[in-house]
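Below you'll find the structure, written out as structure tokens, and then a few comments.
The values are calculated or read from the model by the stated rules, or taken from the named source; none is laboratory data. From a predicted model like this one, the values you see are computed outputs, not experimental measurements. Accessible surface is based on the protein model in full, side chains and every heavy atom, while ligands, DNA and RNA are left aside. Shrake-Rupley method; radii C 1.70, N 1.55, O 1.52, S 1.80 Å.
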Amino acid sequence: MMSEPLAEASDRILAGRAADGDLRAFEVLVRRHGPLMRAYATRVLGSNSEVDDVVQETFITAWTKMPTLDDLSVVKSWLMRIVNRKAIDRIRARHDDRPLLDWDDETPPEQGPEKQAEAQSQREQLKSALDRLPEAQRQCWVMKEVGGFSYEEISEELGVPPSTVRGLLARARKTLIREMEEWR
């Protein structure tokens, strides 16, 4: 069967075939990376109502732009950058200034009221601490800690050198550790 070897192919091979118009190779990429992209979009958007649309738009963009991808071995990070941009565009389109942590999932009901209150208080303090961070530090922190982006990917996405990303992350982490000291 032809699809088994295709399912085992590397991202680079699949991206090359997809760039040449091979729909089955692109479908393997969708199945392989779709769950991570959906989880990331859910975390960024804070709700499931727009996630499927953002992931679908990402794959449509990827299908049309795949032939322009220079380094086929970075298709996963390329897809994650696209889903990140699409999710951020959705947030901007809302004209809503609520920080990302306002959309965090509620504490599971099996935890007692005191645990729920404690978790809520911790989320509020983290939200407040993130709100006080400079925008560049907050973006770097969210991309790294929530999105799992590498320093190089953040650097490319934000258009700053990797050393700047490291510095921004270090300052953001230092501030958040200080702000969240009572929760350690």
Hey, any idea what % of the chain's accessible area is carbon plus sulfur with a 1.4 Å probe?
-> 51 percent
Measure nothing but the geometry: give the 0 to 90° angle between the long axis through the Cα atoms of 113-132 and the longest principal axis through the Cα atoms of the chain, rounded to 10°.
-> 80 degrees
Once the stretch 130-184 is represented by equal point scatterers at the alpha-carbon sites, with solvent omitted, what log10 I(q)/I(0) does the Debye formula produce at q = 0.19, 0.29 Å⁻¹?
-> -0.59, -1.15
The stretch 7-75: projected area of the alpha-carbon convex hull, averaged over directions, in nm² = 4.4 nm²
Quick one: divide the alpha-carbon radius of gyration of the chain by 2.2 N^0.38 Å and tell me what you get.
-> 1.18
